[in-house]
């Protein structure tokens, strides 16, 4: 098996997520086995079989999702904006390489077209192999999947989408640009009239500064801004 640096975070049968973004504590999962551990051009990608949470996707040492509770996050980030829009025909997903958001967006009866932009093909590949219940979102007949940089994609698309969902990793590594003010300006320009965005914005319990900064960026470009929580 190809190895990545994240495997070093497993000690005594436990994976420990230790992140400078939330100093003073860590998250841990009991590990049965390492299913995959690879390096892409952008990040370490590890999939673990855990004792209580099913398979877990880890990017650069940070837990992204587990089979046990992923539905709560995917449903909220998808249906909050979709159900707030009267006719969300065209939807853009930026990120979401596990396929879970696409799976949920596909369920909405008014959605006619889904465009998804994911920068890392290896995340898609790992998800298809080890997270099939999420990755089945890639099978949607409505979906057009593009492997490219979401920030760069936004520069070339204006007035196209009713809903834009940004399902990114945390503001480190390849996703850092997706937390900048310029990105939210691009989101505004890519929306049709009356359009809605929904973005992963950090957790107020562990990283309030990222939440505050993201809200400030949004308020500079959108008239109505809300922050909502979902525990996973």
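The values are calculated or read from the model by the stated rules, or taken from the named source; none is laboratory data. Just so we're clear, the structure is a prediction, and the values are computed from it rather than from any experiment. Backbone-built Cβ (ideal geometry, glycine too); neighbour counts: all protein chains shown.
Some observations on this one:
- Pair list, Cβ < 8 Å and 6+ apart or interchain, from the range 197-208 residues that are on the phi > 0 side of the Ramachandran plot and assigned by TED's automatic domain parsing to the domain that holds residue 95 to residues that are modelled with pLDDT of 85 or more and surrounded by 21 or more Cβ atoms within 10 Å (Cβ to Cβ): 202/214
- Output for the range 1-45, where each listed residue is outside any loop (DSSP other than H, G, I, E, B) and within 19 Å of residue 206 (Cβ to Cβ): 9, 15, 16, 17, 27, 28, 29
- Screening the range 160-176 for residues that are part of a loop (DSSP other than H, G, I, E, B) and either touching a helix residue (DSSP H, G or I) at 6+ places or on another chain (Cβ under 7 Å) or assigned by TED's automatic domain parsing to the domain that holds residue 60 (or both) and picking the one that is surrounded by the most Cβ atoms within 10 Å (Cβ to Cβ) gives 168.
- Within the option set 57, 82, 92, being buried (at least 21 other Cβ atoms within 10 Å of the Cβ) and in the same structural domain as residue 22 (by TED's automatic domain parsing) holds for one residue only, 57.
Per-residue answers, yes or no, for (1) assigned to a helix (DSSP H, G or I); (2) farther than 13 Å from residue 165 by Cα:
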position	(1), (2)
74	yes, no
79	yes, no
87	no, yes
93	no, no
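- Sole residue being assigned by TED's automatic domain parsing to the domain that holds residue 101, more than 27 Å from residue 63 (Cβ to Cβ), more than 19 Å from the chain's Cα centre (by Cα) and surrounded by 16 or more Cβ atoms within 10 Å (Cβ to Cβ), chosen from 186, 191: 191
- Counted residues, the range 125-159 - those being closer than 24 Å to residue 45 by Cα, in contact with a helix residue (DSSP H, G or I) (Cβ under 7 Å, 6 or more places away or on another chain) and part of a helix (DSSP H, G or I): 9
- Within the range 107-122, none of the residues are touching a helix residue (DSSP H, G or I) at 6+ places or on another chain (Cβ under 7 Å) and within 22 Å of residue 213 (Cα to Cα).
- Filter result (at pLDDT 95 or above, more than 22 Å from the chain's Cα centre (by Cα) and buried (at least 16 other Cβ atoms within 10 Å of the Cβ)) within the range 8-33: 31
- Selection from the range 95-112 of residues that are closer than 15 Å to residue 145 by Cβ and assigned to a helix (DSSP H, G or I): 100, 101, 102, 103, 105
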